[in-house]
1. Leaving out ligands, DNA and RNA, what percent of the accessible area of the chain is carbon and sulfur, probe 1.4 Å?
2. Size of the dipole of the chain about the Cα centre, Lys and Arg at +1 and Asp and Glu at -1 on the beta carbon, nothing else charged, in debye to 20?
3. With a cap of 11 neighbouring Cβ atoms within 10 Å, and only residues DSSP puts in a loop, list the trypsin sites (Lys or Arg not before Pro) found in segment 7-73.
4. At what distance in nm do the modelled label points of Asp80 and Arg36 sit from each other, each positioned 7 Å from its Cα along Cα→Cβ?
5. Per residue, how much accessible area does segment 1-66 show when a 1.4 Å probe rolls over the protein heavy atoms, in square angstrom?
6. Projecting each Cα onto the charge dipole of the chain (Lys/Arg +1, Asp/Glu -1 at the beta carbon, about the Cα centre), which of Asn68, Ala20, Gly98 comes out farthest on the positive side?
7. For the chain, what number of Lys pairs, 8 or more residues apart or on separate chains, have alpha-carbon atoms under 14 Å from each other?
8. Go through (1) 1.16; (2) 1.11; (3) 0.95 and flag the label whose value is the computed Cα Rg over 2.2 N^0.38 Å for this structure.
Amino acid sequence: MTHPSKRKGNRYEREIVEEAEAKGLEAERAFASDGRSLGESEECDVLIRGREEMITDAVRIQAKRRKNIAQYITPDEEVDIQVVRENYGDSLAIVPLGFFLDLLREATDSTDTNQ
């Protein structure tokens, strides 16, 4: 029987795929949470794309689900995006998944109309 934390991670990956599909995007979960099954790095858990033809423009997602997330990372209700950076590192944007999927859908829709 699979370890409970592995089952929790698999469920979370499926939730991400379902939410992306509900927004009209194509999404695919990596078999056994190993991105190599999708032709990606083993760290990739989910691929999200706008259309089948846009496979090269897929967004690679590594899904992490934790009991608690550091409070300083969680965006307040008054902001849409939280941006964090460690010293000498890249800035990272943290956004609610639904907001991100809306942005991705809008971006792929505008790409479709420009072609």
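The values are calculated or read from the model by the stated rules, or taken from the named source; none is laboratory data. Model, not experiment: these values are computed from the prediction. Neighbour counts are summed over all protein chains in view; Cβ atoms, including those assigned to glycine, are modelled from backbone coordinates with ideal geometry. The protein model used for the area step is the full one, side chains on, heavy atoms only, and it has no ligands, DNA or RNA in it. Shrake-Rupley method; radii C 1.70, N 1.55, O 1.52, S 1.80 Å.
1. Working: 4020 of 8440 Å².
Carbon plus sulfur share of accessible area: 48 percent.
2. Working: 17 positive and 25 negative charges, 162 e Å.
Computed charge dipole of the chain: roughly 780 debye.
3. Working: sites: Arg7, Lys8, Arg11, Arg14, Lys23, Arg29, Arg36, Arg49, Arg51, Arg60, Lys64, Arg65, Arg66, Lys67; in loops: Lys23, Arg51, Lys64, Arg65, Arg66, Lys67.
Sparse-neighbourhood loop trypsin sites (Lys or Arg not before Pro): Lys64, Arg66, Lys67.
4. Result: 4.0 nm between the two label points.
5. Values: 4260 Å² over 66 residues.
Value returned for segment 1-66: 65 Å² of accessible area per residue.
6. Asn68
7. On the way: Lys6/Lys64; Lys6/Lys67; Lys8/Lys64; Lys8/Lys67.
Within the chain, the lysine pair count is 4.
8. This structure yields the entry labelled (1).
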